[in-house]
1. Provide a single number: the residues in the stretch 184-200 that are out of contact with any Phe, Trp or Tyr (no Cβ under 6 Å at 6 or more places or on another chain) and not in a loop (DSSP other than H, G, I, E, B).
2. Of all the helices (runs of 4 or more DSSP H) wholly in the stretch 328-416, which have at least 3 residues that are open to solvent by 40 Å² or more (accessible area, probe 1.4 Å)?
3. Please determine whether any residue of the stretch 207-220 is within 19 Å of T267 (Cα to Cα) and within 16 Å of the ligand (Cβ to nearest atom).
4. Are any residues in the stretch 182-194 within 16 Å of the ligand (Cβ to nearest atom) and either more than 16 Å from the chain's Cα centre (by Cα) or surrounded by fewer than 22 Cβ atoms within 10 Å (Cβ to Cβ) (or both), and if so, which ones?
5. Taking the stretch 101-122, which residues are among the β-branched types (V, I, T) and either over 14 Å from H199 (Cα atoms) or open to solvent by 10 Å² or more (accessible area, probe 1.4 Å) (or both)?
6. Filter the stretch 135-165 down to the residues that are more than 19 Å from L308 (Cα to Cα) and charged (D, E, K, R), then identify the one that is surrounded by the most Cβ atoms within 10 Å (Cβ to Cβ).
7. Is there any pair linking a residue in the stretch 41-55 that is in contact (Cβ under 8 Å) with a residue 12 or more places away in the chain to one that is exposed (fewer than 11 other Cβ atoms within 10 Å of the Cβ), with Cβ under 7 Å and at least six apart or on different chains, and which?
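The values are calculated or read from the model by the stated rules, or taken from the named source; none is laboratory data. On a predicted model such as this, the values are computed, not experimentally measured, just so you know. Note that each Cβ is placed from the backbone with ideal geometry, even for glycine, and that neighbours are counted across all protein chains shown. Just the protein is used for accessible areas: all its heavy atoms, side chains included, with ligands, DNA and RNA removed. Shrake-Rupley method; radii C 1.70, N 1.55, O 1.52, S 1.80 Å.
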Amino acid sequence: MKPPIRIAIIGLGGFAGSHHTTVARLEERGQAKLICTCDPHTDGFAKDLETLGFAARGVQVFADYRLMLAACARNLDLVVIPTPINLHAEMHAAVTALGLPVYLEKPPTLDHAELERMIVADKRAAKSSLVGFNFIVEKPRLALKERLLAGEFGALRSTTLSALWPRPASYFLRNDWAGRLLIADRPVLDSCFGNAMAHFVHNMLFWAGPHSLQSWAQLATVQAELYRAHAIEGADTFFVEATTATGVNLRFALTHACAGTASHNETLHCERATLQYAVGRQIEICWHDGRIERSTPEPFDGLECNHLEYYRYLRGETSRPATSLVDSRPFVALNDLAHVSSRIITPFPPNLVSGVRDEKEQKDYLNITGMNAACDSFLSHGIWPGAHGWNHPGSEITTPTDLPRFEATVRKMATP
Ligand SMILES: NC(=O)c1ccc[n+]([C@@H]2O[C@H](COP(=O)([O-])OP(=O)(O)OC[C@H]3O[C@@H](n4cnc5c(N)ncnc54)[C@H](O)[C@@H]3O)[C@@H](O)[C@H]2O)c1
């Protein structure tokens, strides 16, 4: 049995709470050992500290992550950073300055220039940091990409993604960074694209990554229309089209401005087959000759699998983390260029926005009339909703050379 990976987790609540539960389970299996944790509001977590058995497990609890690192760094193999996006870079810098690698929650940052600084900082760590995009370690996904790369389905022509995840008004009030474009005058860009559905967009870039299993597509052009229904600074709806350096077309529609059942579907259009991948639901390969292959993926605990895969890398059993900071470049650039292309966030026409009360959940949602039809027209035919009732004045086709305009664009977007 290998010695357990010695871990610190920054944060106690929100998604940090899920990391704590996972690490506690992996500790019982001898895979991990939580050495320390911290949160500026430790008082509010007395019950959680008890439930997680910190006293019995000998976990040290601090109020400040810098104090925690100063006291415990020598006894650590890994620091988990599942904190607000705007704190990722500073925390990652503090940890890697000590030579330690990070399990950094996605998105690493949503600012391409900050990502470059993080990539440089990461070189100081003994091992590359992992960015926690959940689904890259899924075995059926990896198996399907192997088949794609082997040419079984013919060339990949295009991929589409639709992800409609209802979020109630309270979701945007849960912390001080939800739905924000800027915090402390720096881009944070929290949105369905940058946060909740970031996984799926990163997955699209993974499918279109042409060189090897763990490669992500490089971008050639990006065009986007951004909308909002909720009372937030950022966008809650994105319609985006991009082309990759190898000529694959990517089109996706993402929204939190919807009600009812959540849906997400990744589709790959290849020369000889169309592949549908719905995380947690079904994988379907429709061959153009009429054959259909269907499978239901095994239940997948994304957090546990990502922890275990990363431990294997830290122990030298694999050669790389599932997604590194470098691998995240196309995702961050795509998000940034979508903002540059759209230039503005268009409010939905008020007559299309209706409130939907979920009595069971006691939560209030906003729903856009015609959202499903608009997604279908865009994904199937490339019809932009701006010219068909949503009043976006038209976006610009951008390329990576437009990235230097990102920060000024976001500042202008955030100006009332
Ligand atoms: N992989 C996934 O499926 C998944 C799911 C949800 C969230 N996330 C990601 O996790 C991250 C956190 O999101 P969240 O919604 O849990 O955020 P959050 O605002 O709830 O914060 C998470 C934790 O960080 C703590 N924290 C805040 N400031 C801190 C500081 N200065 N020092 C130490 N701890 C501090 C908070 O107290 C909280 O415990 C984000 O990057 C988000 O995108 C990932």
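1. 4
2. 371-381, 406-414
3. Scanning the stretch 207-220 turns up no residue that is within 19 Å of T267 (Cα to Cα) and within 16 Å of the ligand (Cβ to nearest atom).
4. Of everything in the stretch 182-194, those that are within 16 Å of the ligand (Cβ to nearest atom) and either more than 16 Å from the chain's Cα centre (by Cα) or surrounded by fewer than 22 Cβ atoms within 10 Å (Cβ to Cβ) (or both) turn out to be I183, A184, R186, P187.
5. Hits for the stretch 101-122 are V102, I119, V120.
6. K145
7. The qualifying pairs do not exist here.
Let's see how each residue does on (1) in contact (Cβ under 8 Å) with a residue 40 or more places away in the chain; (2) under 17 Å from G382 (Cβ atoms):
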residue: T246; (1), (2): no, no
residue: L250; (1), (2): yes, yes
residue: L254; (1), (2): yes, yes
residue: E266; (1), (2): yes, no
residue: A273; (1), (2): yes, no
residue: Y277; (1), (2): yes, no
residue: Q282; (1), (2): no, no
residue: H288; (1), (2): no, no
